[in-house]
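Here's the structure we're looking at; comments come further down.
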Amino acid sequence: MYGSSAIGGTVNVITKIPKKNNFELNYTFQNINFQTNDQILSGNGTFLSKDRKMGISLFINNRSRGFYDHNADQFSEIPLIQNTSFGFKSFFLPKYNHKIELSFSNIDEYRFGGEMNRDKPAHLTAQSEERQHHVWTGALDYQIGFKNEQTSLISYAAFQYTNRDHYTGIFPDDSIQIQSHIENAPYGISDVVTANMGVQLNHEFLNFLSTGSNVFTFGTELLWDDVYDEIPSYQYLIDQNTSDLGVFIQSDWNLIPSLSLLSGVRMDRHNLVESMVFSPRISLLYKFKKNTQFRLGYGSGFRAPQAFDTDLHIAFAGGGVSRITLSPNLLPENSNSYTASINFDKPYEHFITGFTLETFYTRLNQAFYLQPIGEDEFGYLFEKQNGQGATIQGATVEFRLNYDRKIQLEGGFTLQSNLFDDSVEYIEGVNGLTQFVRTPNDYGYALLRFTPNKKVGGSINYVYTGKMLVPHFAGADNQDVDEIITSKRFSELSAKVSYRVKLKKSNMNLEFYLGIKNILNAYQEQFDIGKNRDSNFIYGPAQPRTLFAGLKLMSL
């Protein structure tokens, strides 16, 4: 049960304790549209003690990607990246019912986009964004089991510290402005500290109210966040300290073998919200015979009136920079979500086949949106405000097929609508919209994997993205009007084949692989030209046709 920002739901990733030693080293070379190289070197390994009571998993990753310029104007559409990350996750089992986990990681990343000239410092280029990130993350978990594992007590603490040096600016044309720009270039700093700690108690009642078992969960956690983001020359500053104390209770009740009920409520006390926020949830699972499951669910969530990562983004538009501020009257956004689904899986002698049909409905109240409020000498200004509300609803169908673990086919398609109650003005002077921008009403995917034997493997992947509305600000040499365009549909097809061999006199495999991402080169074609571009005018697939090949060395 999650606190602030649980608007669209959450994903809970539960990792397992490794059972054996393993090792993997991987090198991938990519070429983007016969222009830009992208190289990734990664490795990971797990090492256990002889009694399997201690272990550590290590990883390291290095990436180097150059600029990509799609329209040959010497300004990048995809930025340069140099990234190195490393870390570990370890566990210790001091007793059969005790588990301690410790993890730590570090990310060092440099990004540069805009005029493709690395010989100059950022503030002397015609236009550029430069980012240098240093991110440290750590966590400590301690779990104790009691009464034959019927009861468990989990305590945890985690932190993340992000230090960012950044530049976002356009070199002016006027001689007086040039002097001011050089003397007071728009460099900035970000310092973000996040800490999370909590305690959770789980207890299983084996014969609850003379029916099935019920696992009760009680817990409390504190989430603390301190954000400082400043660009003095733009008179831009976000200095924010938030805290969220949550208390929750949950029941996971198996009433009968075919019927279970999950229910709970979380109570949050957020320092930027006047009253306590109650977030209930409930879901019902019914298993019909052996192959069919029916689910009904309801959940609520909220977002506090605080600055998030997207609000720290400084964008180019109209020959200047756009900045986001928070309305002094900003209220929390909250949601009520309903889901219903049918899941069917049928095994045969050689096949397993199945499908899932799901419908969803989410009602947002006081939904956040960005209201244009004019401009100053630096560029456009936007204020995050509350709208009247919005509704997101639709349906998803997914299918899957597996033949003898040699061929696996899966896919899905979603139809949805995303509407505000009232029109939202995305660009000052342009008619407002009730539809969400950069959000298609239809999208889908399909994936075919084949492994005819232990040596050969491959996959074909397809992603469909429907039409969407995209705001486009004037200012570039090829764009003289503010408008909202409708993008085309995109069909992104990718393929990969691999071949694996066992190295003689060793316990290692060597895998060779190659493939093509976005074979049909489905990519945005309309880009702004020159330094006065609209940097937020980006939509569709992340990159054009990309060739890749690699080597992977791994333990058996």
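For this structure, a couple of remarks:
- What the pair-distance distribution of region 229-312 shows, using all Cα-Cα distances binned every 10 Å from zero, is 14, 29, 22, 17, 11, 5, 1 percent.
- nm² value of the averaged projected area, convex hull over the Cα atoms of region 304-371: 8.8 nm²
- Here the simple spin-label model places points 7 Å from the Cα toward Cβ, and for K120 and D480 these points are separated by 2.6 nm.
- The aspartates and glutamates whose alpha-carbon is closer than 20 Å to the alpha-carbon of K20, local same-chain residues fewer than 8 away aside, are D51, E101.
- Rg/Rh (Cα only; Kirkwood hydrodynamic radius) as it applies to region 1-254: 1.09
- The C-alpha radius of gyration of region 339-390, expressed as a fraction of 2.2 N^0.38 Å, stands at 2.35.
- Full extension of the chain between E525 and I256 gives 91.2 nm of extra length, using 0.36 nm per residue less the Cα-Cα distance.
- Inverse of mean 1/r across different Cα pairs in region 92-218, Kirkwood, Å: 19.4 Å
- Rg over Rh for region 1-111 works out to 1.13, using Cα positions for both radii and the Kirkwood form for Rh.
- Near G387, the amide H atoms lying under 5 Å from its own belong to A367, F368, Y369; only residues 5 or more places off or on other chains count, and H is placed 1.01 Å from N.
- Along each principal axis, Cα extent of region 31-178, largest first, Å: 76, 37, 23
- In this structure, the pairs whose alpha-carbon distance is over 25 Å, taken from K50/K455; K53/K89; K99/K147; K346/K552; K50/K147, are K50/K455; K346/K552; K50/K147.
- Alpha-carbon centroid distance for the pair region 288-358 / region 449-501, whole angstrom: 21 Å
- Where Rh is the Kirkwood radius over Cα pairs, Rg/Rh for region 56-108: 1.38
- Solution diffusion estimate, µm²/s, Stokes-Einstein, region 461-556, Kirkwood Rh from C-alpha pairs, 37 °C, viscosity 0.692 mPa s: 199 µm²/s
- Pair-distance profile P(r), taking every C-alpha pair of region 312-465, with 5 angstrom steps and integer %: 2, 8, 12, 13, 13, 11, 10, 9, 8, 7, 5, 3, 1, 0, 0
- Neighbour-count ranking [beta-carbon atoms within 10 angstrom, fewest first] of F91, F34: F34, F91
- Here the chain has an Rg and Dmax of 26.3, 84 Å, counting Cα atoms alone.
- Compactness of region 170-243 was expressed as the Cα radius of gyration divided by 2.2 N^0.38 Å, which yields 2.33.
- FRET efficiency estimate (nearest 0.05) - Cβ-Cβ, R52 to V265, R0 30 angstrom: 0.15
- Hull shadow area, averaged, region 401-522 [alpha-carbon convex hull, nm²]: 12.3 nm²
- Sorted by Cβ neighbour density within 10 Å, fewest at the top, the residues L357, L262: L357, L262
- Residues I484, I256 arranged by fewest to most Cβ contacts within 10 Å: I256, I484
- Angstrom value of the Kirkwood radius, inverse mean 1/r, which spans all Cα pairs in region 298-341: 13.3 Å
Read-outs throughout are calculated quantities, based only on the coordinates presented, and are distinct from any laboratory measurement. From a predicted model like this one, the values you see are computed outputs, not experimental measurements. Ideal geometry is used to build each Cβ from the backbone, glycine not excepted, and the neighbour counts take in all protein chains shown.
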